[in-house]
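Notes for the one structure printed next.
Derivation of every value follows stated rules applied to the coordinates shown; laboratory data play no part. For clarity, every value in this text was computed on a predicted model and none was experimentally measured. With ideal geometry, Cβ positions are generated from the backbone for all residues, glycine too; neighbour counts draw on all protein chains shown.
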Amino acid sequence: MHNQKDEDSVNKAQGRPQAAEESQVVDKVRVESEVGQNKVEAFVLIGDRELAAVKDRVQELLATPATPEQIDVVNHQLGRYPRGMVAVGARCVCGNPLAVVTRPQLEDGTPFPTTCYLTSPEAVKAVSRLEANGLMTDWNAELGSDPDLASAYRRAHELYLAFRSALAHQLGDDEGHIAGISAGGMPKRVKCLHALTAQSLVMGPGVNPLGDRALGLVHQIFDSQVCRCARPWTEAYREENR
Ligand SMILES: [Zn+2]
């Protein structure tokens with residue numbers, strides 16, 4: 001398993017800003033039974049057309065792999081090197097990465113379940129503020145009492161797994177160790193809004209109801225269509241290449 005603690009303590013020791021990663025906790029509880037060796041699970045809430053759309057999205061992302069400049073900027077955003085970053089999954093109108101796509105298995109073989117990762121410091125801050133306001137408690141209660149929301153949220157979980165599965169297939173990565181594990185607490189709990197908003201940004205609206213909702217709530221301070229970057233792309237890029 002990816003050792004989050006070690007990486008964080010290294011960051012602390014070197015006085016680097018804390019990575020957004022620490023709050024993007026992964027739900028390690030296996031909620032789905034595995035079907036066979038590498039077959040992740042049977043999707044019950046997504047149809048063939050949706051699966052095809054997810055595969056198209058993955059192809060589209062992999063067609064423009066992360067450039068060294070983008071990796072440098074994300075390195076600066078997170079305060080650590082973005083291991084396994086294969087593509088920028090969403091960009092600000094200025095061009096800055098907002099969320100990145102990480103391969104299911106890092107270069108050294110470490111399984112990495114958090115495929116969609118929020119990197120924009122402005123977005124991370126806005127979403128952290130929502131979490132600090134205790135929103136997740138309300139949303140967890142809502143998931144328990146609203147079957148439609150619960151179903152839409154489980155569908156988001158399946159779409160997340162389908163996305164990663166398509167990515168693993170394209171890259172030849174093994175997903176065996178992270179089978180059935182998505183992110184952010186899905187499919188039953190809300191544990192990390194950063195992970196949910198990252199999915200919404202990477203996969204688009206209509207995929208994750210709570211990620212979409214979080215983005216709606218913060219739109220006056222963070223909006224992918226309005227650049228409020230402290231370091232817009234051209235400036236960030238220039239500074240990284242000085
Ligand atoms: Zn921007």
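Potential lengthening of the chain between Asp108 and Ala52 amounts to 17.2 nm, from the contour at 0.36 nm per residue minus the alpha-carbon distance. For the range 118-185, a simple Cβ point-charge model (Lys and Arg +1, Asp and Glu -1, everything else neutral) yields a dipole of about 120 debye relative to the Cα centre. Between the range 143-187 and the range 83-116, the alpha-carbon centres lie 16 Å apart.
Once you have a ≥ b ≥ c as the square roots of the Cα gyration tensor eigenvalues for the range 163-217, tell me rounded if a/c is under 1.5, and otherwise prolate or oblate according to whether a/b is larger than b/c. Show your work: numbers first, answer last.
Details: a/c = 3.14, a/b = 1.70, b/c = 1.84.
Oblate.
Counting neighbouring beta carbons within 10 Å and listing from fewest to most, the residues Arg49, Arg80 come out as Arg49, Arg80.
Using alpha carbons only, the radius of gyration of the range 45-240 set against its Kirkwood radius gives Rg/Rh = 0.95. Model label sites at Arg83 and Glu235, defined 7 Å from Cα along the beta-carbon direction, differ in position by 3.2 nm.
Exposure proxy shown here: for Met136, Met85, Met186, the number of other Cβ atoms within 10 Å sets the order, fewest to most, as Met136, Met85, Met186.
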